[in-house]
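The values are calculated or read from the model by the stated rules, or taken from the named source; none is laboratory data. This structure is a prediction, so every number in the text was calculated from the model and none was measured. Cβ atoms come from the backbone with ideal geometry, glycine included; neighbour counts cover every protein chain shown. Heavy atoms of the whole protein, side chains included, go into the accessibility calculation; ligands, DNA and RNA do not. Shrake-Rupley method; radii C 1.70, N 1.55, O 1.52, S 1.80 Å.
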Amino acid sequence: DYWHHVRLAEYASWEAFLAARGPRADQLFLFEEYGARSFYEPDYPEDAILVFGQETAGIPPAIWQAWPDRLFRLPMRSERIRSLNLANTVAAAAYQALRGRL
């Protein structure tokens, strides 16, 4: 009952996304297990773009290497035991990005 409120767009590739959207660097937030910065740190702009990779492989290296200063992680309780799957990570990051607007 909420899909009519969602603006969904799909792209054939990362390159197609970049060509179509032309995102600014400050809009991009790439989430990786080993990101240097916590997802609590940034101020997310209203037009933030949150990028997540495959659960098993993460974001392809070519993408995060091109945007190394836009790499973030969710803090985990243990370095050895991951406690969040991709769906949980997306939900937590989305709510953190929206937090200032709720």
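Annotation for the stretch 35-102: chymotrypsin sites (Phe, Trp or Tyr not before Pro) lying in DSSP loop with at most 10 further Cβ atoms inside 10 Å of their Cβ are Tyr40. Applying both filters, DSSP loop and at most 10 other Cβ atoms within 10 Å, to the GluC sites (Glu not before Pro) of the stretch 17-95 gives Glu46, Glu55, Glu79. On a per residue basis, the stretch 6-47 carries 70 Å² of accessible surface, using protein heavy atoms and a 1.4 Å probe. Using θ = phi - 60° in the Karplus curve 6.51 cos²θ - 1.76 cosθ + 1.60, the 3J(HN,Hα) couplings for the stretch 43-54 round to 8, 7, x, 4, 9, 4, 10, 9, 10, 10, x, 5 Hz; x is entered for Gly and Pro. Residues considered: Arg73, Arg37, Arg21. Largest GNM mean-square fluctuation over the chain, using C-alpha springs under 10 Å, is found at Arg21. Ranking Leu86, Tyr40, Ala19 by Cα position along the charge dipole of the chain, where only Lys, Arg, Asp and Glu carry charges on their C-beta atoms, puts Tyr40 farthest toward the positive end. Estimated at 0.36 nm per residue, the fully extended path between Tyr34 and Thr56 surpasses their Cα-Cα distance by 6.6 nm. Within the listed set Ile63, Ile49, Ile81, the residue fluctuating most in the Gaussian network model of the chain (springs between alpha-carbon atoms under 10 angstrom) is Ile81. The reciprocal of the average 1/r between distinct C-alpha atoms defines the Kirkwood hydrodynamic radius, which for the chain equals 14.7 Å.
When the chain is treated as a GNM with alpha-carbon contacts under 10 Å, the residue of Ala12, Ala20, Ala66 showing the greatest mean-square fluctuation is Ala12.
Working note: Karplus 6.51/-1.76/1.60 with θ = phi - 60° gives the stretch 29-38 the couplings 9, 9, 9, 9, 4, 10, x, 6, 10, 6 Hz, where Gly and Pro are set to x.
Note on Leu86 and Asp69: their simple-model spin labels are 2.9 nm apart, each label 7 Å out from Cα toward Cβ.
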